[in-house]
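Novice: One structure, as structure tokens, below. Some questions next.
The values are calculated or read from the model by the stated rules, or taken from the named source; none is laboratory data. Everything numeric in this text was worked out from a predicted model, so none of it was measured. We place every Cβ from the backbone using ideal geometry, glycine too, and count neighbours over all the protein chains shown. Note: accessible area is taken over every heavy atom of the protein model, side chains too, but ligands, DNA and RNA are not part of it. Shrake-Rupley method; radii C 1.70, N 1.55, O 1.52, S 1.80 Å.
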Amino acid sequence: MWSLFANIGYLILFLNLILFIKGVRNNGKAYSIFTWYLGVIFLIQITSMTLKNFNINNLYLSHFYFIGQFVLLSLFYLDILKEEIQKKTVKVCLIIVLLALGIQYANDFSLFLKFNLFEIFITSILLILYATFHFYNMLNEKKDFHFINMGVLFYLFGSTILFLVGNLTVVLSPKMNKITWILNSILYVLYQIFILVEWKKSFSKKREFKTIL
């Protein structure tokens with residue numbers, strides 16, 4: 001069951017990546033950054049799946065996933081947020097978090113071989129904050145990246161709770177461990193559907209219009 005939802009998520013992610021790549025030249029900086037995000041995440045996911053199939057430990061890839069996601073989505077929100085105080089918040093938090101994680105891994109490299117609960121929490125909660133900023137801004141402005149923003153909030157809020165118990169699931173029964181990963185896979189599928197809806201609602205029509213012209 002877990003592998004089924006995981007594979008569905010990978011397929012929709014791949015579809016989203018292809019669709020976003022097609023419009024990367026015509027839709028601005030934020031769109032390009034998000035396309036890079038999809039590409040990096042897809043590469044990490046495929047590498048992780050390949051290592052798993054060969055029974056090779058892939059847990060360390062979670063750090064590339066969370067940090068890569070944090071950096072690229074921070075840059076994404078830095079471009080679409082309008083208020084100067086919001087932009088400064090993103091810049092300062094990006095620098096502080098990267099420095100904090102760098103110091104943490106330098107002091108205890110063993111963290112690299114397991115889930116880092118601090119890394120998961122701080123990177124996810126800040127992205128949730130940025131997404132909340134954008135929702136607030138959209139109350140009085142054009143709803144750019146509306147569905148993507150909803151997807152980020154929905155997925156990160158749910159997955160953060162699941163990943164925070166990632167270390168605990170090791171000592172739980174195999175059944176409980178499997179349930180945790182199934183739920184996360186379902187959340188990921190829904191997240192990718194939000195992204196697909198964004199492309200369909202906001203960018204596919206732009207592409208068709210430019211083709212007609």
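Novice: Can you pull out the chymotrypsin sites (Phe, Trp or Tyr not before Pro) in region 30-137 that DSSP calls coil and that have at most 14 other Cβ atoms within 10 Å?
Specialist: Sparse-neighbourhood loop chymotrypsin sites (Phe, Trp or Tyr not before Pro): Phe54, Tyr60.
Novice: Just to make sure I understand: if all protein chains stay in place, what is the order of Leu72, Leu164 by accessible area at 1.4 Å, largest first?
Specialist: Descending order: Leu164, Leu72.
Novice: Also, quick follow-up: With N residues in region 24-143, what two-decimal value do you get for its Cα radius of gyration over 2.2 N^0.38 Å?
Specialist: 1.19
Novice: While we're on this one: Can you give the Rg and Dmax of region 74-172 based on its C-alpha atoms, in angstrom?
Specialist: Spelled out, the Cα radius of gyration and Dmax of region 74-172 are 15.5, 48 Å.
Novice: I need the phi-derived Karplus couplings for region 22-35: 6.51 cos²θ - 1.76 cosθ + 1.60, θ = phi - 60°, integer Hz, Gly and Pro marked x.
Specialist: Here the 3J(HN,Hα) series is 4, x, 5, 7, 10, 10, x, 5, 4, 4, 5, 4, 5, 5 Hz.
Novice: Using each residue's phi in region 78-88, evaluate 6.51 cos²θ - 1.76 cosθ + 1.60 at θ = phi - 60° and report the 3J(HN,Hα) Karplus result to the nearest Hz, with x for Gly and Pro.
Specialist: So the Karplus estimates, Gly and Pro as x, are 4, 7, 9, 6, 9, 6, 4, 5, 5, 4, 5 Hz.
Novice: Over the chain, average the accessible area per residue using a 1.4 Å probe and give it in Å², no decimals. Before the final figure, lay out the partial values.
Specialist: Numbers: 11740 Å² over 213 residues.
I get 55 Å² per residue for the chain.
Novice: Need the list of lysines near Lys200 for cross-linking: C-alpha distance under 20 angstrom, and skip anything on the same chain fewer than eight residues off.
Specialist: Lys22, Lys29, Lys142, Lys143, Lys210
Novice: Treating only the Cβ atoms of Lys and Arg (+1) and Asp and Glu (-1) as charged, compute the dipole magnitude of the chain about its Cα centre; round to the nearest 20 debye. Write down the numbers at each step before the final one.
Specialist: Values: 19 positive and 9 negative charges, 130 e Å.
Using Cβ point charges on Lys, Arg, Asp and Glu, the chain gives about 620 debye.
Novice: Given Cα pairs under 8 Å that are at least 6 residues apart, what percent is the relative contact order of the chain?
Specialist: RCO, the chain: 27 percent.
Novice: Which residue, Val92, Phe145, Ile179, has the largest displacement toward the positive end of the dipole of the chain when charges sit on each Cβ (Lys, Arg +1; Asp, Glu -1)?
Specialist: About the Cα centre, the residue reaching furthest to the positive side is Phe145.
Novice: Ignoring the sites themselves, what is the longest stretch of the chain with no trypsin sites (Lys or Arg not before Pro) in a DSSP loop and at most 15 other beta-carbon atoms within 10 Å? Mind dumping the intermediate values first?
Specialist: On the way: sites that count: Arg25, Lys82, Lys114, Lys142, Lys143.
The longest uninterrupted stretch comes out as 144-213.
Novice: Of the heavy-atom accessible surface of the chain (probe 1.4 angstrom), what whole percent is carbon and sulfur?
Specialist: Ligands and nucleic acids excluded, carbon and sulfur reach 71 percent.
Novice: For region 34-87, would you read off the P(r) tail past 16 Å as a percentage of all alpha carbon pairs?
Specialist: 49
Novice: Restrict the search to region 72-147; then list the GluC sites (Glu not before Pro) that DSSP places in a loop and that have at most 13 other Cβ atoms within 10 Å of their Cβ.
Specialist: Qualifying residues, ordered by number: Glu83, Glu141.
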